[in-house]
Amino acid sequence: MSVEIPYITEPRPDTGLTLAKLGVWLFLASEVMLFGAFFSSYVVLRAGNTWQDFAFGPAPVVQDAESDEGDEWAEEEAASDETEDADEHAGHDHSAHDASAHAADNAGSGHDDHADLHSPLQTAIPMATFNTIVLITSSVTVVLAYASLLLNNLGRFRFYFGLTIALAFVFLGVKYVEYTSKFAHGYFPATSPLLALYFTMTFLHVLHVIGGIVVLAYLVGPGTKMWKTNPAQFTGRIEAVGLYWHFVDLVWIFLFPVLYLL
Amino acid sequence: MADDAHHGHDESFLRKYIFSTDHKVIGIQYALGALVFLLFGFTLVMLMRWSMANPNQAVPFIGGFLETLFGEDAQGGVITPQLYNSFGAMHGTIMVFLGIVPLAVGAFGNYVVPLQIGAVDMAFPKLNMASVWVYFVGGVVMFSSFFIPGGPAKSGWTSYAPLAVIDAASAGQTFWLVGMIFLITSSLLGAVNFLVTIIQLRAPGMTWMRLPFFVWAQFISSFLLLLAFPPLEAAGVMQLMDRVAGTSFFMPTGLVVSGEAYSAVGGGSPILWQHLFWFLAHPEVYVLILPALGIVAEIIANNSRKPLWGYRSMVYSVIFLGFMSFIVWAHHMFLTDMGVIISAFFQTTTMIISIPSVIIITALIISLWGGSIRFNTPMLFALAFLPMFGIGGLTGLPLGLSGSDIPLHDTYYVIGHFHYVVAPGTIFAMFAGIYFWFPKITGRKMNEFLGKLHFYPSFIFMNGIFFPMLIQGIAGVSRRLYDGGEYYEFSESILQLNTVMTHSAFGLLLAQIPFIINFVWTIFRKTREGEGTRNPWDATTIEWTDADSPPMGHGNFAVVPQVYRAAYEYSVPGSDKDFTPQSEPDSK
Amino acid sequence: MSHDHSPEAVKKEVRVYLGVFGALLVGTIVTVLASYLKVSTALGIFIALVIATVKGSLVACFFMHLRSEKIMILAFLLLMLVFFVVLMILPIGMQMDTFTDNISP
């Protein structure tokens, strides 16, 4: 089709931006808010629990002590339509019982086997550190690939892009080992709020890595054809995907200390 | 562009109308989808209103069908509390996320914005196609939840945890969450596209202060969608984890359901869901209303033949409104044990945010002063919007102060307030927009008589439905009862209002028939002599003055226009006609 | 700056990238080591977040070229940052300031 949209390769004079660059930055802004919601949830859940409960899960509650009351609320929930406050009551009602429930149970159940561990993620710190370095390195290789294109060196661009993809696969491999070892130790998303956040956030991050690999692979494979026909647009694409990849790295830079070290 | 028209013949039907990348076709796809969903959501609420006026009585005509579809939940064709809850949840979800947002942003935004700013298309046409298709998938997921065992989501359009999580027996809520994730993704793709288009693809001379107000409204709406929607997407993922992986993001410690300890480990926070939900859903209210304000501004300027009064103050107000809408969300949560400091913060911001809305409405009313007003159908709807949105806005003030919100919050007052904003407010503006831009899309104006037959009854019945809600609400009738409060003594004196509302709702349904006839007939009738002129409304903005009606194929303009002046130069003294197009150079 | 795409400028940029890379590696090691320090939890969190913010800013400013980016993008990001902070602070603020706490000290 012959519709020619302007400012794909040349920046618009008054804003100084190409379409792709502005588009990617806006997309990243919304991604920041996406991960921001998870970080905010981390803060709320961590502040709302003791460290022990947060990391290893609250101890099971003794049921008979409060079943009557619970029943009452449950009925009200079923009868109501949107139940904003019913939830409310459910939440507060039971938090009032937290203390007694814990006193009754804190000594028992699986908590003892973790006595030597500060966090269920403690054993994964070496792997996560290694992964941090892998991801930072891949970020450098992407920006070096972009610089190679600016220097008209397609061969070196291919080399650095290939290296980036390889590093991304290394990251995924380590993540796979990490997940399986967590499962082997009986740590699942349902185990504790920390583990729920850990699995959800890192998996979302892994999805971003996989998405990145797909785009990188396309651009270093069939997509490279554009270098011959329209080098400016191709360079623009590389810059845009580079921005995305740096963002994936940036998220990990925050995920790593927040989940593993704090 | 002649070249383009030639290409148009080569395109297959599929390419041209189904998998199109042309913003105009995509706008129409959004519009048709949204209108169908609006009608569907309206049908659901008709059934709810039947149940409230005639509790525990079989629904006439379609009771048998309901029983076949929902089994026990509609035993004997009666709307049971279970079914009522499902319909309530789905009515809200469908109207907001599948009806009005796609219509206001997806349809009007897509069709009109590139034409008004002089762009050949949206900035990313393929992304645009992706967003309409993701919307379509989201709609299919939502709709299909009506046919699964246990029926669709039952936990309100707000899906508050833990109620939404403990209902694990039926998959309705899971469908809701998956559907929402698709719809959110669609909106995010659309928002990026709109922002880039408006920033980058304005025609030469189209400076920020020459933009039609509608474009400003879309710009701010897209910005709200871009930054407010992701937290709900995150929350949706977390609630999905709570439901399918047994996590406890929103499940408190020691939750007891029906006398048994809930299986999840606990440690979560139900309030967290509310925060993340309302972090989106309050800006979302402005996404619902800003495009409506934009449409009304266009139509009022055009039909009062005057420039908008205070265009600049309207623009600054809409920017400020967008900013403030991010920090008022917890006024939906005054009942959640909120402390005085935080509560004072949110009450203050809520009072502040009412100021820019009042500025915009006041500017629109003053714009009418001294105009030579043409009372055509779009103008009637636009004029009706002003007092309706006024009632909606003013009844919102008591809800922004915790002292008066706490007694009113769970009553019909809230329903009345909210619906005054979106039903006779936004939906009237949407109708105004459809009547106004129909000649742009088809080359033919819709019939004026049928238009008025649509407007006057709709106006009366809308008020017949929603005003009694305010009365019932102040009397204390809960907003969550499938029987309309039948068994409560205090509601006896105002119970007959349920009948008024149900009859009005039925009347409103009938009042849409002239619209549907008008809509379909105008699409298929022949163009009359003298119709299909470029500028049937004598408007100044370039979508009328520089593009054909109906527009040519992909590419919009024969020559991309140069813009010389502000958007609403009507009745300029010394001019030979009462409108001066934006693309007309100064005569000197 | 990075918008000057002459070969000399690009080569100079490349040296900057490698310098930043070194700084990021050091930052990573320091974060891990700092987590073994016997300090209070609050101080530990503070240290880790400061290092993460420095590292993140390095990536954003140099790899993502924010230090020489156009004003339009910076303005958008600034607004995003404001709402990000709002999203981080208000929910936890509300959790810490509850009505029941106010009436029963």
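The number of residues in segment B:132-162 being under 25 Å from B:V105 (Cβ atoms) and assigned to a loop (DSSP other than H, G, I, E, B) comes to 6. Within segment B:221-241, the set of residues being open to solvent by 10 Å² or more (accessible area, probe 1.4 Å) and in contact with a Ser or Thr (Cβ under 9 Å, 6 or more places away or on another chain) comprises B:E233, B:V237, B:L240, B:M241.
Taking the criterion of being free of Cβ contacts under 8 Å to residues at least 40 places away in the same chain and more than 9 Å from chain A (Cβ to nearest Cβ), the only residue of segment B:216-230 that qualifies is B:F219.
You will find that of B:T522, B:T499, B:T533, B:T540, the residue that is of a type in the set (V, I, T), modelled with pLDDT of 85 or more and in a loop (DSSP other than H, G, I, E, B) is B:T540 and no other.
A search for C-beta distances below 8 Å between a residue of segment B:13-27 that is within 12 Å of chain A (Cβ to nearest Cβ) and any residue that is small (G, A, S), counting only pairs 6+ apart in sequence or on different chains, returns B:K16/B:G8; B:D22/B:G553. Scanning segment B:323-378 for residues that are among the polar types (S, T, N, Q) and within 14 Å of chain C (Cβ to nearest Cβ) yields B:S325, B:T336, B:S343, B:Q347, B:T348, B:T349, B:T350. Could you count how many residues in segment B:424-437 are modelled with pLDDT under 95 and open to solvent by 10 Å² or more (accessible area, probe 1.4 Å)? Residues that pass the stated criteria total 0. Residues in segment C:1-59 that are facing chain A (nearest Cβ under 7 Å) and among the hydroxyl-bearing types (S, T, Y): C:Y17, C:T28, C:T31, C:S35. Within segment B:135-152, restricting attention to residues that are aliphatic (A, V, I, L, M) and touching a residue at least 40 places away in the same chain (Cβ under 8 Å), the residue that is nearest to B:V96 (Cα to Cα) is B:M142. If you check B:V572 against the conditions, is it over 27 Å from the mean Cα position of the chain (by Cα), more than 23 Å from B:I427 (Cα to Cα) and surrounded by fewer than 14 Cβ atoms within 10 Å (Cβ to Cβ)? Against the criterion (over 27 Å from the mean Cα position of the chain (by Cα), more than 23 Å from B:I427 (Cα to Cα) and surrounded by fewer than 14 Cβ atoms within 10 Å (Cβ to Cβ)), B:V572 does not qualify.
From B:A107, B:A203, B:A191, B:A169, which residue is within 14 Å of chain A (Cβ to nearest Cβ) and within 24 Å of B:V287 (Cα to Cα)?
Going through B:A107, B:A203, B:A191, B:A169 in turn, the sole match is B:A191.
Kindly check whether there is at least one residue in segment A:197-207 that is farther than 30 Å from A:P11 by Cβ, within 12 Å of the chain's Cα centre (by Cα) and open to solvent by 40 Å² or more (accessible area, probe 1.4 Å). Yes, there is a match, as at least one residue in segment A:197-207 is farther than 30 Å from A:P11 by Cβ, within 12 Å of the chain's Cα centre (by Cα) and open to solvent by 40 Å² or more (accessible area, probe 1.4 Å). Take B:A264 and decide whether it is more than 22 Å from A:K21 (Cβ to Cβ) and either more than 10 Å from every other protein chain (Cβ to nearest Cβ) or surrounded by 24 or more Cβ atoms within 10 Å (Cβ to Cβ) (or both). The answer is yes for B:A264.
If only residues of segment A:18-49 that are more than 22 Å from A:F254 (Cα to Cα) and more than 7 Å from chain B (Cβ to nearest Cβ) are counted, the one that is surrounded by the fewest Cβ atoms within 10 Å (Cβ to Cβ) is A:A20. Being open to solvent by less than 10 Å² (accessible area, probe 1.4 Å) and hydrophobic (A, V, I, L, M, F, W, C) is the filter; apply it to segment B:242-254 and report the residue that is nearest to the other protein chains (Cβ to nearest Cβ). Checking each candidate, the answer is B:F249. Against the conditions (1) at the interface with chain A (Cβ under 9 Å from one of its Cβ atoms); (2) at pLDDT 95 or above, B:G236 satisfies every one except (1). Against the test of being open to solvent by 10 Å² or more (accessible area, probe 1.4 Å) and over 30 Å from B:F146 (Cβ atoms), the options B:T174, B:T207 yield a single qualifying residue, B:T207. For segment B:149-168, filtered to residues that are more than 18 Å from B:L69 (Cα to Cα) and open to solvent by 10 Å² or more (accessible area, probe 1.4 Å), the residue that is nearest to the chain's Cα centre (by Cα) is B:W157. All conditions in (1) outside any loop (DSSP other than H, G, I, E, B); (2) modelled with pLDDT under 90; (3) over 30 Å from B:G473 (Cβ atoms); (4) not polar (S, T, N, Q) hold for B:F490, with the sole exception of (3).
Taking the options B:F70, B:F42, name whichever one is of a type outside the set (K, R), touching a His at 6+ places or on another chain (Cβ under 9 Å) and open to solvent by less than 60 Å² (accessible area, probe 1.4 Å).
Going through B:F70, B:F42 in turn, the sole match is B:F42.
Among the residues of segment A:218-262, those that are touching a residue at least 60 places away in the same chain (Cβ under 8 Å) and hydroxyl-bearing (S, T, Y) comprise A:T224, A:T235, A:Y244, A:Y260.
The values are calculated or read from the model by the stated rules, or taken from the named source; none is laboratory data. Computed from a predicted model, the values in this text were never measured in an experiment. Note: ideal-geometry Cβ built from the backbone for every residue, glycine included; neighbour counts use all protein chains shown. Side chains included, ligands, DNA and RNA excluded: accessible areas come from the protein's heavy atoms. Shrake-Rupley method; radii C 1.70, N 1.55, O 1.52, S 1.80 Å.
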